[in-house]
Ligand code: DAH
C-alpha cells in the first residue's frame, strides 16, 4: 500500500467521524450514511481507486479500505442508537408530559348496600342505649319460629306469616325446618342461653312465601329487639322506641302507639311516626292518615317467659320488630322495596 493511500484513508476516517458527531437527527444521520457508506459514497470511491494502484499494493490497500468501512459502519450504528434514545427523551418532554392543570380522573368506588347502612345506623342507635347486637340462624325450627313464641301448631295466628318450608314433609315431621319468617325466634334463643338482664338487637334476613310488589319482598331484613329485667314497664318500651325514632328520624317527629296483636306479646302495639312528607297533614305517602307505621312491639307474653324458664312474677320485658328496608324507604323516600334487590347500579350509587 502506498503512503498516499494510507494517508487518504486516515483523512477520510477523521472527517467522516467528525461529521458523524455533528449529526443530531435521523435525517442528518441518513444523509451521512449516503455520503460515506452509500453506493456512490466515499468508501466506494476509495475501493474503486484501488484498481489504479500498482498490483503489489492492491491487497493491503483493499484490506485497509474494508477495515475502514467496518469501523465507519460500527460508528454509524452507535450514533443511530444514541439519536434514537435522544429523540425518545425529547418527545417525552413534550407530548407525554403530564398537564397538572387538567381535572383529575374520578376513581369509581363501591359502597355499602343501603340495607346494610340502615341496619348499622339502627344498631348504633340501640347500642348507645346499652343494647348488644347479635345474629342468628336463617334456617329455623318450627319450635323457635312459632311454638315457643306462643304460636302452637295449627293455630290460626300462623296465617300472619306465609312460611317457606325447607321441604313440605318437614312441616309435620319431628324437627320441621323453615326459612325464618321473622327475627323473633332469636328472642327465645337469647333467653334460653342467658339470664336477665337482657338487652339485645338482632338484625337479619327473614323470608315469606309471598308475591312481590312495591311493599312486599319474599326476602327482606328485620331488626328484632328484646329487653328483659325486673320492673320493666310499657313506659320503658315507649321511652326506648321514642329515643330510637328521634335518633333515626330526627327530633321533630312525633311517635304514636296503638293496640295491635302479636301472639308473643301482651299487650301488643304498633308504633307509628307522624308523616315526614306532610308533617301529619295527610298525603299520598301516609295514605292520608298523617301517620306511618314503623314497627310492631309489646310486653313479652308471660307464656313466652315461662317457656324459657323465667319467672313472669319476677321478670318482665318488651320486644319489638321492624323491617330494615321499610325504615330505609321512609328515610330516603324510596317508593318500591324491589329496588333494594334488583342490583340496579343507578339505584345503589345514590347511597354512597
Ligand atoms: N315478628 C313480627 C313480624 O314479623 C314483628 C314483631 C311484632 C316483633 C311485635 C316483635 C314484637 O318483637 O313484639 O310481624
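The values are calculated or read from the model by the stated rules, or taken from the named source; none is laboratory data. Predicted model, so just to flag it, every value in this text is computed and none were measured. No Cβ is skipped: glycine too gets one built from the backbone with ideal geometry, and neighbour counts run over all protein chains shown.
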Notebook entry, point to check: Which one is surrounded by the fewest Cβ atoms within 10 Å (Cβ to Cβ) among residues in the stretch 34-54 that are assigned to a helix (DSSP H, G or I) and in contact with a helix residue (DSSP H, G or I) (Cβ under 6 Å, 6 or more places away or on another chain)?
Noted result: 47
Check: Could you count how many residues in the stretch 216-227 are in contact with a strand residue (DSSP E or B) (Cβ under 6 Å, 6 or more places away or on another chain) and away from the ligand (no atom under 12 Å from the Cβ)?
Finding: 1
Check: In the stretch 218-230, is there at least one residue being under 28 Å from the mean Cα position of the chain (by Cα), assigned by TED's automatic domain parsing to the domain that holds residue 138 and free of Cβ contacts under 8 Å to residues at least 60 places away in the same chain?
Finding: yes
Check: Applying the selection to the stretch 200-214, what residues are surrounded by fewer than 19 Cβ atoms within 10 Å (Cβ to Cβ), within 14 Å of the ligand (Cβ to nearest atom) and part of a strand (DSSP E or B)?
Finding: 205
Check: Tally time: how many residues in the stretch 215-241 are over 19 Å from residue 326 (Cα atoms) and part of a strand (DSSP E or B)?
Finding: 4
Check: Taking the stated definitions as given, is residue 122 touching a strand residue (DSSP E or B) at 6+ places or on another chain (Cβ under 7 Å) and modelled with pLDDT of 85 or more?
Finding: yes
Next item on the list: Inspect all residues belonging to the stretch 115-125 and state whether any of them is exposed (fewer than 15 other Cβ atoms within 10 Å of the Cβ), within 24 Å of residue 327 (Cα to Cα) and in contact (Cβ under 8 Å) with a residue 12 or more places away in the chain.
Entry: no
